[in-house]
Structures are given as structure tokens and as C-alpha cells.
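What follows is a set of notes on a single structure, which appears directly below.
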Amino acid sequence: MSPITLKSYEDRIATHPSPLARRLLKIMTDKKTNLCVSLDVDTKDELLRLADTLGAYVCVFKTHVDTIENYTYESVIVPLVELSKRHNFLIFEDRKFADIGSTVKSQYTSGIFKIVQWAHITNAHALPGPGIIDGLYSGTKDINEERGLLLLAEMSSAGSLATGDYTDKTVDLARRNRAFTFGFIAQNRLGADDEDFIIMTPGVGLDDKGDGLGQQYRTVDDAVSGGSDIIIVGRGIFAKGRDPVTESKRYREAGWKAYTARVK
Ligand code: 6AU
């Protein structure tokens, strides 16, 4: 266990090199939650309803905004940003950028989504090399609020190619710009003992083992005791037959209990 994982979220606020991560750690401390809910729903009504009813239990809401039917900036983003202020959570657009710097800059700043305008957090594959970080970072130039990037260092899906040397090189890339690249999507603790990267872990589920399409689930305890800082949960919370409020409370409690046991 690295010394960072034994420190409280609150203690990490003072020393973290990323302004976005400092804001996130403060929200987690204040709201006592390390739960990120993945709002993988098809309609804007459902997205906004869940963001409102579950807002109190989460530090981050993760979106795939390109899957929302009848998307418009005014009807989806404007109210979502309003809810993020009301309930004090950050928005993470799970865009998984994967192109050359110049292209990802346009994808981040332009088009119908204008992700950089509203998503506090986004993520990218390391595959294209350092230009992808430089391109995304240059897109934040005119934004007056904290923005942060997660690199996909490991994936939860069966047979993922993001392992070993690829994962190590992804960690190296993140070191280029610690004020912007504040952490990883990963299954394990990554970085040197004294480096504070925020580890966000998908593929967490208490009742399922997989989804028949490659997803693999681990328990909350397994992820957090292994060094994960934030658990990402989607279908474990809102799959058919599950009550999202009950499940959010359950995952939040499990996540906080596992974290408290770790830092004790
Ligand atoms: O809990 P689930 O399986 O319903 O949803 C998991 C969510 C999905 C995936 O797109 C995403 O997490 N995800 C990611 C992310 C966040 O980048 C990486 C990964 O390795 N596995 C994964 O499931 O929205």
C-alpha cells in the first residue's frame, strides 16, 4: 500500500498539484462520498432526474452525452450544470479521446457538445502519445474554471490490451502536466509512492460478475483496498429492477467504509 493511499482525502487537498483534484478531494471530504455514478441512460429526462435525485450521494456524475436522444446544449447541459452547482458534484464526460492533438482539441471545444465548456473532467487514451494531452490542455486556455484529464491506464474489460508496458508508459505521459492530468482510469494504484494520482475505477458491482459483453465487475472493497480513490458504478445502481436511490446509498456507504478502513 503506498503512503498516499493511507492519507485521508482531506490531507491530500493541501499538496495535490492539480486545482481540479483539490476541488474534487474537498467535495469528497465535505459530502463523505467516493462514489461516481455513471449515468449511462438514453434520454435527457432520465439523465436529469437521476442527477437530481442522486446528487446528494455522489462526488462525480459521469456522462456519455453522445448517447442521449434529442440532445441539445440548452436542454441537457444547461440544467445539468445547474444541478451540479445545487448538489455540489463534478461532471465527468467519458469521451475517451484517442486522436492526434489538433483533432482532439476541436472535439473537446467545438461541435454540438463543446465538452470543455461544462465537463470538469474528461478522459483520453494514451495511444497517440503526448500530443493528445497537449491538444486537450490547449483547449482549456479560455476556460475560467478548473479542468482535469484522466488517462486510461488500465481497462475493466476482459482481454484489455492496456497492461504492462503500455500502462507504465501511460503513467510516464501523465507526469508531463500534473496540473491538468490529475489521475487515471485504472484497476490498481499507479505512480510512485509519493505521487498523488487520483485513481478512478470502473467495473465495480456488488451483485453482478459481468454483462456478457466483456465487462468484469469487482467488489467495492476489492477496488478501494487495492488503492482506488473513486469507484465508478453504472448498472449496479440503475439497471432494471434496481432502485437507484437505495443502490446509491448502498454503494456510497460501502465505498466510504472501505476508504475509512484503509486510512485508519
Ligand atoms: O458499471 P457499468 O458497467 O454499468 O458502467 C461502467 C462505465 C461505462 C464505461 O464506459 C466506463 O464505466 N468504463 C471506463 C471509463 C470510465 O473510462 C473504462 C473502463 O475500463 N471500463 C468501463 O466500464 O460507462
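Name the single residue that is farthest from D94 (Cα to Cα) among those in the range 110-126 being among the small types (G, A, S) and surrounded by 22 or more Cβ atoms within 10 Å (Cβ to Cβ).
From the range 110-126, those among the small types (G, A, S) are 110-111, 119, 124, 126; that's our starting set.
Now restrict to residues that are surrounded by 22 or more Cβ atoms within 10 Å (Cβ to Cβ): 119, 124, 126.
On the way: A119: 9, A124: 9, A126: 15 Å.
This residue is A126.
Taking the residues in the range 180-207 that are open to solvent by less than 50 Å² (accessible area, probe 1.4 Å) and more than 18 Å from the chain's Cα centre (by Cα) as candidates, determine which candidate is nearest to the ligand (Cβ to nearest atom). Step through it out loud before you land on a result.
Filtering the range 180-207 for residues open to solvent by less than 50 Å² (accessible area, probe 1.4 Å) gives 180-187, 189-192, 195-205.
Then drop every residue that is not more than 18 Å from the chain's Cα centre (by Cα), which leaves 192, 195.
Numbers: A192: 23, E195: 21 Å.
Step by step, filter the range 180-207, then rank; the result is E195.
Among the listed residues D52, D11, D94, D45, which satisfies the condition of being buried (at least 19 other Cβ atoms within 10 Å of the Cβ), modelled with pLDDT of 95 or more and acidic (D, E)?
Working: D52 fails: buried (at least 19 other Cβ atoms within 10 Å of the Cβ); D11 fails: buried (at least 19 other Cβ atoms within 10 Å of the Cβ); D45 fails: buried (at least 19 other Cβ atoms within 10 Å of the Cβ).
The conditions single out D94.
Could you figure out which of (1) charged (D, E, K, R); (2) within 22 Å of L90 (Cα to Cα); (3) within 16 Å of the ligand (Cβ to nearest atom) isn't true of D211?
Result: D211 fails condition (2) only.
Can you give me the number of residues within the range 21-42 that are buried (at least 22 other Cβ atoms within 10 Å of the Cβ) and at pLDDT 95 or above?
In the first step, residues of the range 21-42 are kept if they are buried (at least 22 other Cβ atoms within 10 Å of the Cβ); the result is 21, 24-25, 28, 33-37, 39.
Those still in the list that are at pLDDT 95 or above too: 21, 24-25, 28, 33-37.
Of the residues in that region, 9 qualify.
Among the residues of the range 220-241, write down those that are open to solvent by 60 Å² or more (accessible area, probe 1.4 Å) and in a loop (DSSP other than H, G, I, E, B).
From the range 220-241, those open to solvent by 60 Å² or more (accessible area, probe 1.4 Å) are 221-222, 225, 235, 240-241; that's our starting set.
Within the range 220-241, K240, G241 meet the criteria.
Modelled with pLDDT under 95 and either farther than 20 Å from I4 by Cα or part of a loop (DSSP other than H, G, I, E, B) (or both) - does that describe any residue in the range 257-264?
Restricting attention to the range 257-264, the residues satisfying the condition of being modelled with pLDDT under 95 are 264.
In the following step, the residues that additionally are either farther than 20 Å from I4 by Cα or part of a loop (DSSP other than H, G, I, E, B) (or both) were identified as 264.
Checked the range 257-264: at least one residue is modelled with pLDDT under 95 and either farther than 20 Å from I4 by Cα or part of a loop (DSSP other than H, G, I, E, B) (or both).
Residues checked against (1) closer than 20 Å to I231 by Cα; (2) in contact with a helix residue (DSSP H, G or I) (Cβ under 6 Å, 6 or more places away or on another chain):
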site	(1), (2)
S2	yes, no
K7	yes, no
L24	yes, no
V41	yes, yes
H64	yes, no
N70	no, no
V78	no, no
L83	no, yes
H87	yes, yes
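Yes/no per residue for (1) among the hydrophobic types (A, V, I, L, M, F, W, C); (2) within 15 Å of the chain's Cα centre (by Cα); (3) more than 23 Å from D194 (Cβ to Cβ):
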{"position": "Y71", "(1), (2), (3)": "no, no, yes"}
{"position": "L90", "(1), (2), (3)": "yes, yes, yes"}
{"position": "T109", "(1), (2), (3)": "no, no, yes"}
{"position": "Q117", "(1), (2), (3)": "no, no, yes"}
{"position": "G139", "(1), (2), (3)": "no, no, yes"}
{"position": "D142", "(1), (2), (3)": "no, no, yes"}
{"position": "L151", "(1), (2), (3)": "yes, yes, no"}
{"position": "T167", "(1), (2), (3)": "no, no, no"}
{"position": "R176", "(1), (2), (3)": "no, no, no"}
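Return the residues of the range 36-66 that are within 23 Å of V220 (Cα to Cα) and in a helix (DSSP H, G or I); say none if nothing qualifies.
Matches in the range 36-66: L50, A51, T53, L54, G55, A56, Y57.
Determine the pairs where a residue that is outside any loop (DSSP other than H, G, I, E, B), located within the range 203-217, has a partner that is more than 11 Å from the ligand (Cβ to nearest atom) and among the hydroxyl-bearing types (S, T, Y) with Cβ atoms under 8 Å apart, the partner being 6 or more residues away or on another chain.
V204/T219
Which count do you get for residues in the range 81-94 that are away from the ligand (no atom under 16 Å from the Cβ) and free of Cβ contacts under 8 Å to residues at least 40 places away in the same chain?
Count: 7.
Could you say which residue among G212, G236 is within 30 Å of D165 (Cα to Cα) and modelled with pLDDT of 95 or more?
Working: G236 fails: within 30 Å of D165 (Cα to Cα).
One residue alone meets the criteria, G212.
If the requirement is being within 17 Å of the chain's Cα centre (by Cα) and more than 14 Å from the ligand (Cβ to nearest atom), which of these qualifies: T63, T53, T33, T5?
Details: T63 fails: more than 14 Å from the ligand (Cβ to nearest atom); T53 fails: within 17 Å of the chain's Cα centre (by Cα); T5 fails: within 17 Å of the chain's Cα centre (by Cα).
After ruling out the rest, the residue left standing is T33.
Of all residues in the range 222-255, how many are within 11 Å of the ligand (Cβ to nearest atom) and aliphatic (A, V, I, L, M)?
6
Which of the residues belonging to the range 67-101 are assigned to a helix (DSSP H, G or I) and closer than 18 Å to L152 by Cα?
Here is the first cut: in the range 67-101, the residues assigned to a helix (DSSP H, G or I) are 67, 73-87, 101.
Result: G101, single match.
Helices (runs of 4 or more DSSP H) wholly in the range 102-179 with at least 3 residues that are touching a residue at least 60 places away in the same chain (Cβ under 8 Å) and either within 16 Å of the ligand (Cβ to nearest atom) or β-branched (V, I, T) (or both) - which ones?
Working: elements: 115-118, 131-139, 164-174.
By residue number, no helices (runs of 4 or more DSSP H) qualify.
The values are calculated or read from the model by the stated rules, or taken from the named source; none is laboratory data. Everything numeric in this text was worked out from a predicted model, so none of it was measured. Using ideal geometry, Cβ is built from the backbone for each residue, glycine included, and neighbour counts are taken over all protein chains shown. Calculation scope for accessible area: heavy atoms of the full protein, side chains included, ligands and nucleic acids excluded. Shrake-Rupley method; radii C 1.70, N 1.55, O 1.52, S 1.80 Å.
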